[in-house]
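Novice: First the structure, which I've put down as structure tokens, then a few questions once you've had a look.
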Amino acid sequence: MNLFNRIKAGLQKTRETLETGLSSVLPGRVKLDQALLESLEERLLLSDVGLPTAERLLEAVKKRARGASEASAEEVRGWLADEVAAVLAEAGAGRGVQLPAARPAVVLVVGVNGVGKTTTLGKIARRLTQDGRRVLLVACDTFRAAAAEQLEIWAERAGCEILRQREGADPAAVAFDGLKAAVARDYDVALFDTAGRLHTKVNLMEEVRKIRRVISRELPGAPHETWLVLDAVTGQNGLAQARQFYRDVEVTGLVVTKLDGTARGGIVVAIASELKLPVRLVGVGEGIEDLVDFDPRAYARGLFGLAE
């Protein structure tokens, strides 16, 4: 299955939420009137694209209609998909795992509890090692029981090294040691795992800011990327998470997990629209190969059930 079809398949539940209404709103040819726009807005909001983004999409429909009184359902879906793709492209989505030439390239991975952060990090490490990179995983989650052990299993699968310390160690100290090791041993990439933390907990957010400060102090310009792992199932709460992490730790990109398990995949568009945060990777299944590069066009057309 190619990338387009994998992303389209991952959007099945979100697409079904839209199609449940769109199939009645857009049956064959439709009148381009206010009633249609209101119905479209309702379906878009149910998929969690958010009100500002829904309004932008509807404005695009009105402009594309160019005064016509009717259009085909396929045309309207195409207009919506084109505008979604434009929103995502404006945010820079679709680069995948493209890291700077800095050696080591340092990536800090953050997120709330339970989003699949450690598993995602392991899958990223595997992709990089398969691409011929020497990778060091740094286990800064020293609080969750067996977090380092889980990351160690992924290090073995990925064929990379891991730096870990005792449970309860200071995460910033682990980050310091990990960065020193990455530089001294000339690794291509250093991936820093962090403990899951609620974005509303000030003390926990300060801890991840401290990790970031330590990395930045010891290696100017680092971290070169800070990726927020976001569970698509959270819907609009994901936007609140993204706002807070973006402000506190200068997030540069998103990795969205469990896209295949939710009807609220429109949240990707809401975040791109408001924060201009690019989606780098999306999880479209449980398998080790199911973390794929994000393709804005595939996402947009898959969202509205359009062919490649």
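Taken together, the values in this text are just the output of simple stated rules run on the coordinates, not laboratory data. It should be emphasised that the depicted structure is a prediction, and the values quoted were computed from it without experimental measurement. Heads up, the Cβs are rebuilt from the backbone with ideal geometry, glycines too, and the neighbour counts pull from every protein chain shown.
Novice: Compute the distance in nm between two label points, each set 7 Å from the Cα along the Cα-to-Cβ direction, one at residue 153 and one at residue 31.
Specialist: With each label point 7 Å from Cα toward Cβ, the separation is 5.9 nm.
Novice: Suppose each label sits 7 Å from its Cα in the direction of the beta carbon; what would the residue 89-residue 306 distance come out to in nanometres?
Specialist: The modelled label-to-label distance comes out at 1.1 nm.
Novice: Here is a further query. Using a Gaussian network for the chain with springs between C-alpha atoms less than 10 Å apart, which of these wobbles most: 203, 113, 237?
Specialist: Sorting by GNM fluctuation, first place goes to 203.
Novice: Here's another thing I want to ask about it. Tilt of helix 73-90 relative to the longest C-alpha principal axis of the chain, in degrees (0 to 90, nearest 10)?
Specialist: The two axes meet at around 30 degrees.
Novice: If we count other beta carbons within 10 Å of each Cβ, what is the order of 49, 189, fewest first?
Specialist: 189, 49
Novice: Between residue 243 and residue 216, take the C-beta separation as r, use R0 = 35 Å, and let me know the FRET efficiency to the nearest 0.05.
Specialist: Efficiency, rounded to the nearest 0.05: 0.95.
Novice: Pick out, from 12, 245, 273, the residue whose Cα sits farthest towards the positive end of the charge dipole of the chain, with +1 on the Cβ of Lys and Arg and -1 on the Cβ of Asp and Glu.
Specialist: 245
Novice: Still on this structure, please answer the following. Just tell me which lysines come within less than 20 Å, Cα to Cα, of residue 63; anything on the same chain fewer than 8 places away is out.
Specialist: Hits, sequence-local ones excluded: 31.
Novice: Show me the trypsin sites (Lys or Arg not before Pro) within the stretch 241-308 that DSSP assigns to loop and that have at most 14 other Cβ atoms within 10 Å of their Cβ.
Specialist: 276
Novice: A follow-up question, please. Fewest first, what order do 227, 154 take by the number of other Cβ atoms within 10 Å?
Specialist: 154, 227
Novice: Run the simple label-point estimate for residue 3 and residue 167 please: 7 Å along Cα→C-beta, distance reported in nm.
Specialist: 4.1 nm
Novice: Follow-up. Angle between the Cα long axis of helix 236-249 and the longest principal axis of the chain, 0 to 90 degrees, nearest 10?
Specialist: 40 degrees
Novice: What does DSSP give for the chain in terms of the percent of beta bridges that are antiparallel, rounded to the nearest 5?
Specialist: 20 percent
Novice: In addition: Take the alpha carbon atoms of the stretch 33-56, find their center, do the same for the stretch 197-246, and report the distance between the two centers in whole angstrom.
Specialist: Answer, in whole Å: 30.
Novice: Starting from 0.36 nm per residue, how many nanometres of slack lie between residue 183 and residue 70 once their C-alpha separation is accounted for?
Specialist: Using 0.36 nm per residue and subtracting the Cα-Cα distance, I get 34.4 nm.
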